[in-house]
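**Student:** Here's a structure for you.
The values are calculated or read from the model by the stated rules, or taken from the named source; none is laboratory data. Keep in mind it's a predicted model, so treat the numbers as computed, not measured. Cβ: placed from backbone, ideal geometry, glycine included. Neighbour counts: every protein chain shown.
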Amino acid sequence: MNRKKLQKLTETLTKNCKHFNKFEVNCLIKLFYNLVGDAAERPGVPIGLDRNAFRNILHMTFGMTDDMIMDRVFRGFNKDNDGNIKVTEWVNGLSLFLRGSLEEKMKYCFEVFDLNGDGFISKEEMFHMLKNSLLKQPSEEDPDEGIKDLVEIALKKMDYDHDGKLSFADYEKAVREEALLLEAFGPCLPDPKSQMEFEAQVFKDPNDFHDNMNP
Amino acid sequence: MGVALARLAQWTAAGYGAGTLELTPLNEVLLKEILVFVEHFIYDHPQEAKFVFVEPLEWKTNLELSAFESGYIVSKTTVSSEEVDKDGQPLLFLSVSKIKVRSFGQLSQLVFAAKDARLTEAQACIEANRDPVVKILGSDYSTMEEDSGALNILHKIAKGDDPENEKKMKIAILLKQLDLHLLSCTLRHISLQIHLNPVPVKKDIELLKSFSGKGEQTVLESIEYTSDFEFSNGCRAPPWRQVRGEMCYLLVKPHDAEALCVTCSVQGVFLNGGKTDEEEHIDYERKGEVYKDLVTFLKEKSAKFSENMSKQEIRISEEQQKNQTDEVLKKEQTDVVHKAMSGIDKSKLEKNPVNFGKNQMTRRLEPSLNWRITVNGKDRKSSVKDSQEEKHGGKLEKTRASISPGRTQLLRKSADKAEETISESSSESEEDEEPPDHRQEANADLPSEYWQIQKLVKYLKGGNQTATVIALCSMRDFNLAQETCQLAIRDVGGLEVLINLLDTDEVKCKIGSLKILKEISHNPQIRRNIVDLGGLPIMVNILSSPYKTLKCLAAETIANVAKFKRARRVVRQHGGITRLVALLDCAQNSAEPAQSSVYETRDVEVARCGALALWSCSKSYSNKEAIRKAGGIPLLARLLKTSHENMLIPVVGTLQECASEENYRAAIKAERIIENLVKNLNSQNEQLQEHCAMAIYQCAEDEETRDLVRLHGGLKPLASLLNNTDNKERLAAVTGAIWKCSISKENVTKFREYRAIETLVGLLTDQPEEVLVNVVGALGECCQDYENRVIVRKCGGIQPLVSLLVGINQALLVNVTKAVGACAVEPESMVIIDRLDGVRLLWSLLKNPHPDVKASAAWALCPCIQNAKDAGEMVRSFVGGLELVVNLLKSDNKEVLSSVCAAITNIAKDQENLAVITDHGVVPLLSKLANTNNDKLRRHLAEAISRCCMWGRNRVAFGEHKAVAPLVRYLKSSDTNVHRATAQALFQLSEDPDNCITMHENGAVKLLLDMVGSPDQELQEAAAGCISNIRRLALATEKARYN
């Protein structure tokens, strides 16, 4: 990619991006193309990060481990749902991911947790997301007992209108009351430590980061 | 009654006819109920009690003849009642242990007479009369035909109006009621009874076996079956005993009792007659009470067992609850045993994650398990090792390693060895023993929260961070300010988990955990537990975390925990003070944006929490020093400039605590803190005002500070705060500040302007002692001024002051005597004091054990004696008063001595009194004091000597007691007051030639010559007089020589 194109791209993206300045956008774009690597060269293939590549980044850079949540995060980034994260999606996604306001993060997290996208987090969805969260105890007759109980506890805590599922309003109210509940059903935002490391590396000297990523 | 007896009472199997009642709990209950019925019969139904039974109730009694007293004709072998029936037959007749009773009245009396034997009597009666109803009422009333009973009765009623019949009817109904009552009793009793069966009993025994053996920690020394053979049904008792529900027999040897031979039967567990020696036979007879299970039985029999068992108790009950949800209610015993067993399994399982962590299983597969092990791995590993080793020993307690607080503490201790070389005092080890006791009590009646919290703690233990956060948030919904919940969290092992969470990398879990710890650490017990579990060093570490929210929460929790000495020490030893002081150093930009993240919060908040923690810590002396050395004072001074009340309170609170130290006061002055303290006196927050006033009180010991308070306009707010008397703490602080400030004259003038004196006088009544001490202290200072003395008198302040002289609070007495003394300077006030008998009260305070009070009282007496009318007469009127004063010269407290000398000076103005004190030996006592370097004492001593010279040959006596030479040396002092007093004393003494010689020999003349040149007229005069006496003597000597 030539310098001019890059500059233009940086400018457009900076204009639309709330939380990054021009330098930062520039860094992120460079990082993006570093990550995409050779794929860019091949004609006919859309330029971008596919699911696996993206999940790899989430895992390596942000320490995420939960398969399902990572899939959901990928969907969160991949706005046009084409299975490929393009540079715009990358910058916008990271903007929220790293610097989003509480409102933006709530919206994003709710979408991640609302597995079927019906606007509610149902008991089944909660169960699905929490099913690996407890140490299984063979002594128990029903191994899912604990998970079910946990779902009830979560629901009791957050379901303000008592309809047996979480609407966004429920979720928002709960998070505003107790910020720890933002990622109530699984970590879908970077933990502060890896976030700091990431920002420090990317925005300080992108080349270093590049070297680390592709030794 | 009939039905109950026939159907339910447990008759022995040996045939119906001569059957006896077994002594089972059920029968006992029945008999007791019958006894109660009979006993009350005579009161409840006096008419029916006279009814004569159709047939007498007849049985063999064990009662002594002597048991029968009034109302009976007692012969050698027989007893008959005075009460007789129509035919003259006695209603009770006893002959050769056969007793016949024919009315309820007599039965009632018999029950009284039988006293302790009543139960056996009732048993014998029932055994001998298997159908008492028939005997009482006749065969028509046989209970066997119960259906027709009611009809029969109705029939009878219809038929007869015979009064006798009516009574019969009534009795029949009463007996029917008793019958019903007995039936319901039995039912209740049976429903309470739990039947044991072989399987749980066996498990019970096996479990106990595995925890038995030598050593202190085991519950029993040994527990064994008497027979090794086990029948297919699980019983070990021989078949003919199995019929009776007995299952097995045990030989139990507790630590602290004889070996017990125990029967386990379906009804329960009881002591049997024991093994008859050598042979295999067991005396199966029951020898003690029946207990519901083996554990209860052993707890009753062996204190040691119950003690060691209670240590396991929590564990067992915890496990029991854990599975409650998924198990249908089984028999109680089965549960206990079962859970305890599964508990062991579970604790093994808990270790599994550690293995995952060690083996570095792929993160992706087991993310939920190893996330919290990263940091804690070391501790965990060692605990695994421990429990594995100890499992070989087969001891229950050891498997609890991960839960028991004591052990966790140990583990942690070994983990960071560097800490705490100071030995823990014995009182602390007592603390450690306290919690288990408490837990046991708590088991008695557990609220529902307990079980819910237990469940949440389970999820905290076994959940990944997502589950943990949910559980933490849910836990916060409980009322954590309530002690039940606080202790529940601890008792189910939640504290350990919460503290362990602090040691992980998971910031969110740490935040959640601290939010809970912060709340529950308001409880003093929990604070100690947190310290015992090693929570403080971890929290201190968190203080240097990059996340502000975490810092805040940790500091706030430390603020709560560090409310006692040991905790404060731990904080200091782990470098907590330096880190807390660092928190104060926040950037002063108030325009920070609102933070969107959980991890961030405003710098001001961080500083506030730091100050809060420092406030708690600053109660220890070493911590005050540490705060100062860490550079805390300038930072506190800077924070003092903010206007947030919630920031100012902890900051001022810390300063106020620290201001008790001299070098703090200097620093406070240097940092110009007074100005801000004064400013905040004007705040609307009562607590803030209180702490500011308190800080001023502490700092105003220093004159410059007192001036600063005035210059910054602090006196007016102080004066106006006096008018609000509802908040006693604040009032005490404010009056304290006023007291200290009024030590400076200019301040007193200001206070008078603000009319504070009048208000202070108003506060002399109905206030707590803390306030009174300060109010009186302030008045004492104010009354040094003439105008104020007048004000105090005019406001009626003298009477309350005098009445305070009878108190016992030492600090208060010191101030009151001072104030009264100050008032006594005014003759008009003195009249009032005299009228109120204030002088006598002051005088009696000379007997107060505390030297400060003695001294202060003696000082106060001086103006009293000076200004009282007929002072000499008044002083003499105190019986033994003068002797008391003279004897105080034997004190070794300089202040007391000075004050008493001053008092003596005043007393000696009256010739008669001077004569009396001379007789009491004032001269040698004063002379003895002469060798002193204390200028204050020198001055008053010299004055006293000069006064005492006025009587008899006292001048000579002083010379004889070698008081003169030291006095001469007083002239070398730098204090003019001493010079004046000494010169006067020497002048008096020089009337005696021998003294003149002594003075001359000690070089007094030269010194006195210098004094003559002093601007002080009295001194001039006295010195000149003394020189002239010496000179005159010299001249006379010369004259004599030449003649």
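**Student:** Report yes if some residue within region B:700-716 is surrounded by 24 or more Cβ atoms within 10 Å (Cβ to Cβ) and within 36 Å of the chain's Cα centre (by Cα); otherwise report no.
**Tutor:** yes
**Student:** Against the definition (crowded, with 17+ Cβ neighbours inside 10 Å and within 25 Å of A:K157 (Cα to Cα)), how does A:R72 come out, yes or no?
**Tutor:** When the stated conditions are applied, A:R72 passes them.
**Student:** Every residue in region B:532-569 that is part of a helix (DSSP H, G or I), small (G, A, S) and in contact with a Cys (Cβ under 6 Å, 6 or more places away or on another chain), please.
**Tutor:** B:A555
**Student:** Ok, one more. Select the helices (runs of 4 or more DSSP H) contained entirely in region B:718-787, then report the ones holding at least 1 residues which are more than 19 Å from B:L813 (Cβ to Cβ) and under 31 Å from the mean Cα position of the chain (by Cα).
**Tutor:** B:728-741
The rows are residues; the columns are (1) over 19 Å from B:L708 (Cβ atoms); (2) crowded, with 17+ Cβ neighbours inside 10 Å.
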position: B:S620; (1), (2): yes, yes
position: B:M647; (1), (2): yes, yes
position: B:A659; (1), (2): no, yes
position: B:N663; (1), (2): no, no
position: B:I668; (1), (2): no, yes
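**Student:** When you scan region B:246-266, how many residues do you find that are out of contact with any strand residue (DSSP E or B) (no Cβ under 9 Å at 6 or more places or on another chain) and either surrounded by 15 or more Cβ atoms within 10 Å (Cβ to Cβ) or without any contact (Cβ under 8 Å) to a residue 24 or more places away in the chain (or both)? Spell out how you get there, then give the answer.
**Tutor:** Our first condition is that a residue be out of contact with any strand residue (DSSP E or B) (no Cβ under 9 Å at 6 or more places or on another chain); within region B:246-266, this holds for B:256-258.
Subset that is either surrounded by 15 or more Cβ atoms within 10 Å (Cβ to Cβ) or without any contact (Cβ under 8 Å) to a residue 24 or more places away in the chain (or both): B:257-258.
Adding up the residues that qualify gives 2.
**Student:** How about region A:57-170: which helices (runs of 4 or more DSSP H) wholly inside it have at least 1 residues that are touching a His at 6+ places or on another chain (Cβ under 8 Å) and among the polar types (S, T, N, Q)?
**Tutor:** A:87-99
A quick yes/no check of all residues on (1) touching an Asp or Glu at 6+ places or on another chain (Cβ under 6 Å); (2) more than 25 Å from A:V175 (Cα to Cα); (3) at the interface with chain A (Cβ under 8 Å from one of its Cβ atoms):
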position	(1), (2), (3)
B:K455	no, no, yes
B:T466	no, no, yes
B:V469	no, no, yes
B:C473	yes, no, yes
B:L480	yes, no, no
B:L498	no, no, no
B:G512	no, no, yes
B:I520	no, no, no
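**Student:** Quick one: in region B:480-502, of everything that is acidic (D, E) and at pLDDT below 90, which residue is nearest to B:C552 (Cα to Cα)?
**Tutor:** Of region B:480-502, the ones acidic (D, E) are B:483, B:491, B:496.
Of the ones still in play, those that are also at pLDDT below 90 are B:483, B:491.
On the way: B:E483: 24, B:D491: 27 Å.
It comes out as B:E483.
**Student:** Then there is this: Spot the failing condition for A:S101; the list is (1) farther than 16 Å from B:G463 by Cβ; (2) more than 9 Å from every other protein chain (Cβ to nearest Cβ), and only one is missed.
**Tutor:** For A:S101, the failing item is (2).
**Student:** Can you say whether B:N529 is part of a helix (DSSP H, G or I), over 29 Å from the mean Cα position of the chain (by Cα) and more than 14 Å from every other protein chain (Cβ to nearest Cβ), as far as the supplied structure shows?
**Tutor:** The answer is no for B:N529.
**Student:** So, B:L580, is that one at pLDDT 85 or above, out of contact with any Cys (no Cβ under 8 Å at 6 or more places or on another chain) and surrounded by 21 or more Cβ atoms within 10 Å (Cβ to Cβ) or not?
**Tutor:** Details: at pLDDT 85 or above: yes; out of contact with any Cys (no Cβ under 8 Å at 6 or more places or on another chain): no; surrounded by 21 or more Cβ atoms within 10 Å (Cβ to Cβ): yes.
No.
**Student:** On the basis of being charged (D, E, K, R) and in contact with a strand residue (DSSP E or B) (Cβ under 6 Å, 6 or more places away or on another chain), does A:K136 make the cut?
**Tutor:** no
**Student:** For a quick check of your reading of the model, give me the residue pairs whose first member lies in region B:105-127 and is within 21 Å of B:H45 (Cβ to Cβ), whose second is of a type in the set (S, T, N, Q) and surrounded by fewer than 21 Cβ atoms within 10 Å (Cβ to Cβ), with beta-carbon atoms closer than 6 Å and at least 6 apart or on different chains.
**Tutor:** Going by the 6 Å Cβ cut-off, there are no qualifying pairs.
**Student:** Restricting the search to region B:212-245, which residues are more than 18 Å from B:S265 (Cβ to Cβ) and crowded, with 20+ Cβ neighbours inside 10 Å?
**Tutor:** Residues satisfying the conditions are B:S212, B:T218, B:V219, B:L220.
**Student:** Any residue at all in region B:798-809 that is touching an Asp or Glu at 6+ places or on another chain (Cβ under 9 Å) and farther than 26 Å from B:A908 by Cβ?
**Tutor:** For region B:798-809, residues touching an Asp or Glu at 6+ places or on another chain (Cβ under 9 Å) and farther than 26 Å from B:A908 by Cβ: present.
**Student:** Return the residue satisfying two criteria in turn: it lies in region A:160-190 and is under 17 Å from B:I470 (Cα atoms) and of a type in the set (D, E, K, R), and of such residues it is nearest to the other protein chains (Cβ to nearest Cβ).
**Tutor:** Only one residue tops the list, namely A:E178.
**Student:** Give me a count of the residues in region B:516-550 that are modelled with pLDDT under 90, among the basic types (K, R) and buried (at least 21 other Cβ atoms within 10 Å of the Cβ).
**Tutor:** 0
For every residue, the table says whether it meets (1) more than 13 Å from every other protein chain (Cβ to nearest Cβ); (2) at pLDDT below 90; (3) under 30 Å from A:T14 (Cβ atoms); (4) within 16 Å of the chain's Cα centre (by Cα).
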| site | (1), (2), (3), (4) |
| --- | --- |
| A:L96 | no, yes, yes, yes |
| A:E140 | no, yes, no, no |
| A:I147 | no, yes, no, no |
| A:L155 | no, no, no, no |
| A:M158 | no, no, no, no |
| A:S194 | no, yes, yes, yes |
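**Student:** Testing A:L58 on (1) buried (at least 19 other Cβ atoms within 10 Å of the Cβ); (2) away from chain B (no Cβ under 12 Å); (3) without any contact (Cβ under 8 Å) to a residue 24 or more places away in the chain, one condition comes back false. Which one is that?
**Tutor:** Of the numbered conditions (1) buried (at least 19 other Cβ atoms within 10 Å of the Cβ); (2) away from chain B (no Cβ under 12 Å); (3) without any contact (Cβ under 8 Å) to a residue 24 or more places away in the chain, the odd one out for A:L58 is (2).
**Student:** B:T504: within 14 Å of chain A (Cβ to nearest Cβ), surrounded by fewer than 24 Cβ atoms within 10 Å (Cβ to Cβ) and among the β-branched types (V, I, T), yes or no?
**Tutor:** yes
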